[in-house]
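Below: one structure, written as C-alpha cells.
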Amino acid sequence: MRYPREAPVFENRYDAGRQLAEKLSEYKGQPVVVLAVPNGGLPVALQVALALEVDFDVVISRKLPIPLRPEGGFGAIADDGAVILNEAVVKEVGLTPEQINYEVSKVRVDIRQRSLLYRGKRLLSVVSGKTVVIIDDGLASGYTMMAAVESIRRRRPRQIVVAVPAASAMAVKQLEKVADRVVACVTGFMPRFYVSDFYRYWHVLSDDEGLKCLEEWRMRRFMPNIEPSKDR
C-alpha cells in the first residue's frame, strides 16, 4: 500500500521546510548549524535555516548502489569517508569484498566532485560544541543519513538532530540509535515507503537548483529585505 497521492502532506520541498521549521522553533537564534544532504535536502534546509536564523551548509552523503540494481542500495558513504553498510542487504545480494570496495571507490569519486561543486575552496563549517541539525527531504531506509551522522559525529558537535519532513518508521528507529534526536513531521508505517508520495509536486532536484538554495540563504541572511522567489 502506498501513501495516497490525493492527500499529500506537503506542496513541495519549500513547504515541507516551512512545516519542519515549526517543529524546530526552539532552536531559533541558538548556536546551531543546519546541514543539508544534497540535492533534495537543500530546499527543505533553506527554509529551516532562514526561519531559525542560523548557519547553513551541506554534508554530502551518497547511497552505495547495488551492482546491476542501482535503484537499490546496500549502504552509504559521507564526504569524510564514513561508510555505513546494510549488512542484511550485503548478505542477501551476496556482495563480495571486491564488489563492495569497487562501489565505494566510485561513490567516493562522485562525492569529491560534489564537494567541489557545493563547497569549492570553502572550509567545512565549524560544528564543534554546537547543535547540528541534519536535513534531507525524507528518509526511506535511512542509511544515507546514518553515514552523514557518523561523519558529523567525528567533528565533535554538542548534539546531532536529524530532521526530515517524512520518514519511514524503520528509518526513524535506525536513526534514533545514532543521532541524539530525530524529528519528522510525518512517520509512515506502510511496508513500501516512497518519499515522493508525501509531496504534491516532486522532481529530482538539479545541481543548479541546489546551488541556488545556498546562494539564496547567503543573500537573505545578510540582506534580509530580499524577497523569496515567487514560485514558493
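Every number here is computed from the coordinates shown, using simple stated rules; none is lab data. Bear in mind that the values here come from a model prediction, so they are computed numbers and not experimental data. All Cβ positions, glycine included, derive from the backbone under ideal geometry; neighbour counts span all protein chains shown.
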*Rounded to the nearest 5, what is the percent of antiparallel bridges among the DSSP beta bridges in the chain?*
30 percent
*What shape does the range 91-151 have by the C-alpha gyration tensor, where a ≥ b ≥ c are the square roots of the eigenvalues, rounded means a/c under 1.5, and otherwise prolate means a/b greater than b/c and oblate the rest?*
oblate
_Could you work out [θ]222 nm for the chain from helices alone, using -39500 (n - 2.57) per DSSP H run of at least four and dividing by all its residues? Round to the nearest 500 deg cm²/dmol._
-11500 deg cm²/dmol
_Can you compute the modelled spin-label distance between K106 and A169, with each label point 7 Å from Cα toward Cβ, in nm?_
3.5 nm
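Classify the range 168-222 from the C-alpha gyration tensor, please: rounded if a/c falls under 1.5, else prolate or oblate depending on whether a/b exceeds b/c.
oblate
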_the chain, relative contact order [Cα under 8 Å, separation at least 6], %_ = 27 percent
*Once label points are set 7 Å from the Cα along Cα→Cβ at both D180 and E26, what is their separation, rounded to one decimal in nm?*
1.2 nm
